[in-house]
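The values are calculated or read from the model by the stated rules, or taken from the named source; none is laboratory data. Only a predicted model underlies this, so the values are computations on that prediction, with no experimental measurement involved. Don't worry about glycine lacking a Cβ; one is built from the backbone with ideal geometry, like all the others, and counts go over all protein chains shown.
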Amino acid sequence: MSRSRLLSSLSITTLLFAACAGGGGGTATGGGGSASGAPSAGGSPPPAAATEAATGGTGQAVEVELAELNDSGVSGTATLTDLGDGMLRVEIDVEAGGNEAMPAHIHPGTCEELDPAPKYPLSDIENGTSMTEIEASLADVQTGEFAIDLHESTEAIETYTACGDIPAA
C-alpha cells in the first residue's frame, strides 16, 4: 500500500472513529462465516464490522470490514457513500493476497447465507482497489440483507476470497 494511500486510509479511519465517539454514528456487527454454496472449504472469518459516519458534504457513508475466506490472504474494507439522486459509490481497498484481479459484487443475503446471484456487480479489484458507482442508495443496501463478496478470479468465480455484511441502518 502506498504511503499516501495509507495516510488517506488512516485519515478516513480517524474521521470515522471521531464521528462515532461524538454520538454521530454507531457500529453494527454482522455474523461471519463461510459463504454458502462455495465449493472451496475454508475457515470462518471473524465477524464483519461496519462503522457509520457522516462524510464531508457528500452524504452518509458506511465502512464494511471485508474478512478473509478460504485462506485467501485477502482482507480490507469497502466504503459505501451515498451520492444522492439514487447513486452509491463503493470503494474497496484490500490486501490482495497475490490475486491480480478479483471480481466483486453486492449479493443478497449475508456472508453466512449468501445468494450466489449478485444484485449489483462492482468493478474488478485490481492492485487491491476498486471504485464503482451503482444505481442504488445507501438505504437500498442497508437493510441487513446484503453482503459484499470478492471472488478469486473470473476463472475461479466460485471461490470466495473475502466477504463483509452491509449493516442495517
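Give, as residue ranges, the strands (runs of 3 or more DSSP E) completely inside the range 111-156 that count at least 1 residues that are acidic (Asp, Glu), surrounded by fewer than 18 Cβ atoms within 10 Å (Cβ to Cβ) and free of Cβ contacts under 8 Å to residues at least 40 places away in the same chain.
Working: elements: 120-126, 129-135, 146-151.
Correct list: 120-126.
Suppose the filter is at pLDDT 95 or above and within 15 Å of GLU63 (Cα to Cα); does ASP140 pass it? So that I can check it myself, show each step before the final result.
On the way: at pLDDT 95 or above: yes; within 15 Å of GLU63 (Cα to Cα): no.
Spelling it out, it is not the case that ASP140 is at pLDDT 95 or above and within 15 Å of GLU63 (Cα to Cα).
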